[in-house]
Structure formats: C-alpha cells, structure tokens
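The structure appears below as structure tokens.
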Amino acid sequence: MPRSPAWTHDELLLACALVVENGWNELREGDLRVADLSDLLRSLPIHEGAARAIPKFRSIGSVSRKTSDLASNHPAYVGTPTKGGRLDREMISAFIARPTEMLLAAAALRQGIGTGELYSIPQDPDELDDEGNSAVEGRLLTRWALHRERNRGLRARKIAQATKLGQSLQCEVCDFDFGSIYGDLGTGYIEVHHRLPLHVSGPRETRLDDLAFLCANCHRMCHRSRAGESWRTPSALQAEIAKSAP
C-alpha cells in the first residue's frame with residue numbers, strides 16, 4: 001500500500017493554526033476540530049488522488065500526531081519533543097515570529113477552500129521555486145496570488161490609471177523603465193505585484209491601489225521562496241537591496 005505523502009506548508013499552516021488557537025497544545029483524536037481538519041486536508045487540491053488511493057491519508061490519528069509534533073517542538077515545551085521535521089520547525093518559527101499574520105493566512109486559506117475558488121484555479125509552475133519550495137504560507141495561497149496578478153484586465157486598468165495620472169511605468173523598487181531601455185518594444189510594459197500578501201489584504205476583490213509596478217527581475221525576487229519565509233513586499237525587497245549595498 002502506498003505511503004501518505006509528506007506534509008506540505010499548506011497543511012502545516014492549518015494544523016499549526018489549530019495548535020496556536022489551542023494554547024500551543026496538541027489536539028487529541030476525539031477533538032471535533034481534528035476530524036474537521038482531517039476532512040479538509042483530504043479535500044485539498046495538492047496531493048492528487050491521495051485521499052482516494054490511501055485510506056489513512058491525513059486520518060484523524062495522523063492529524064492528531066502532527067499537532068503533537070508542532071506543540072512539542074515549540075521552544076517553550078517542557079518534556080521530550082516528538083521527532084518532527086524541518087518544515088514543522090519552519091512553521092513553528094513563523095507562528096512565533098508573526099502569529100497574527102500566520103493566523104490570517106490560515107483563515108484566508110480556509111476561506112478560499114470554503115468558497116470553492118481555490119479548487120477552480122489551475123496549478124501554476126511558479127507556485128514552487130526551482131528547488132520545489134514554497135513560501136511558508138504554502139503553494140495554494142501562492143497560486144491564488146499569482147492567478148490574480150496575471151489578470152490581464154486588472155493589469156491593463158492599473159497601467160491606464162497611471163497613464164491618466166501622468167505617472168511613469170517604472171519599477172517601484174529599482175526604477176527600471178522598459179521604455180527607456182528597449183524603446184518602442186518596451187514602451188507601456190511593466191509587471192504588477194500585490195503590495196501586501198494575500199493573507200494580509202484578505203481574499204477580497206483586488207483594488208488598483210493594491211498593486212505595485214515591478215520590473216521582471218524585482219518581481220521574481222519578490223516571489224522567490226526561502227526556507228521559512230513569506231513572499232517579499234516591494235518595500236521589503238528595497239530593504240534587501242539596501243542591506244546588500246556596499
């Protein structure tokens with residue numbers, strides 16, 4: 001019988017949110033919240049076919065054990081921790097450092113699942129980096145954000161607004177201007193990126209003011225995943241550039 005696939009950031013995000021809401025304590029098998037999460041995880045559009053092919057995939061028992069991993073590997077835990085894993089520790093660290101943001105991320109993910117929107121968005125090759133990593137909030141919120149940013153109508157409206165206001169179409173991080181470098185070929189071209197992560201802005205309709213203009217390089221660096229980190233906002237990327245300046 002095939003083994004259940006390893007837990008992803010998406011799944012750990014939802015499990016750790018429960019642990020945090022439970023005072024950083026594990027949840028037993030008889031807890032209705034464990035049964036609810038088990039059902040939810042079995043429905044996620046991540047592990048294709050696993051819920052049908054593997055009867056014990058994200059079972060109530062396995063979900064309860066994962067909450068034990070997350071609770072017992074907290075630095076303040078008194079006792080012998082379970083083995084856990086690297087992603088468990090990354091998720092614990094993220095919730096300790098940014099509890100409000102991470103709880104908002106879990107709520108946004110639940111909302112996207114509840115409305116059915118996340119089931120209708122196709123996979124995107126950029127939801128994982130070249131090493132197969134995702135942002136700490138997981139690939140589904142990443143998929144959702146990419147889907148929004150690639151809405152051609154929204155991008156066109158943002159560019160039209162800037163043109164009407166006499167604003168230049170240059171990168172808000174590094175000031176790169178496609179038109180000044182590539183002439184007519186680059187005139188009118190720019191990429192857009194959400195100023196705030198999806199879990200901060202909430203899964204509401206995107207407003208034009210939510211979007212920032214970025215060049216392709218800065219956009220890629222905002223989206224680049226690093227272990228245990230979120231995507232970078234344009235202002236956070238500017239801080240990275242300033243940090244690396246001689």
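The values are calculated or read from the model by the stated rules, or taken from the named source; none is laboratory data. None of the values given here were measured: they were computed from a predicted structure. A quick note on method: Cβ atoms are made from the backbone with ideal geometry, for glycine too, and the neighbour counts reach across all protein chains shown. All accessible areas refer to the heavy atoms of the entire protein, side chains included, with ligands and DNA or RNA removed. Shrake-Rupley method; radii C 1.70, N 1.55, O 1.52, S 1.80 Å.
Some notes on this structure:
- Region 159-183: number of residues that are more than 28 Å from the chain's Cα centre (by Cα) and exposed (fewer than 12 other Cβ atoms within 10 Å of the Cβ): 8
- Number of the condition not met by PHE213 [criteria: (1) in a helix (DSSP H, G or I); (2) buried (at least 18 other Cβ atoms within 10 Å of the Cβ)]: (1)
- Among the residues of region 115-129, the ones that are surrounded by fewer than 19 Cβ atoms within 10 Å (Cβ to Cβ), charged (D, E, K, R) and closer than 19 Å to MET221 by Cβ come to 3 in all.
- For region 42-56, a tally of residues being among the hydrophobic types (A, V, I, L, M, F, W, C) and either farther than 17 Å from GLY116 by Cβ or not in a loop (DSSP other than H, G, I, E, B) (or both) returns 4.
- Hits in region 101-135 - residues which are in contact with a His (Cβ under 6 Å, 6 or more places away or on another chain) and within 17 Å of THR233 (Cα to Cα): LEU104, ALA105, SER134
- For region 89-114, a tally of residues being open to solvent by less than 10 Å² (accessible area, probe 1.4 Å) and either touching a strand residue (DSSP E or B) at 6+ places or on another chain (Cβ under 8 Å) or of a type outside the set (A, V, I, L, M) (or both) returns 2.
- Residue list for region 66-88, restricted to those being within 17 Å of ASN22 (Cα to Cα), of a type outside the set (A, V, I, L, M, F, W, C) and open to solvent by 60 Å² or more (accessible area, probe 1.4 Å): PRO75, TYR77
- Checking GLY138, GLY132 one by one, the residue that is out of contact with any strand residue (DSSP E or B) (no Cβ under 8 Å at 6 or more places or on another chain), at positive phi and crowded, with 19+ Cβ neighbours inside 10 Å is GLY138 and no other.
- Being open to solvent by 80 Å² or more (accessible area, probe 1.4 Å), more than 30 Å from PRO125 (Cβ to Cβ), modelled with pLDDT of 95 or more and of a type in the set (Asp, Glu) is a property that holds for GLU21.
- Some residue of region 3-15 being in contact with a Ser or Thr (Cβ under 7 Å, 6 or more places away or on another chain), buried (at least 16 other Cβ atoms within 10 Å of the Cβ), at pLDDT 95 or above and under 18 Å from GLU137 (Cα atoms): yes
- Check on ALA236, assigned to a helix (DSSP H, G or I), among the hydrophobic types (A, V, I, L, M, F, W, C), free of Cβ contacts under 8 Å to residues at least 24 places away in the same chain and within 25 Å of HIS9 (Cα to Cα): yes
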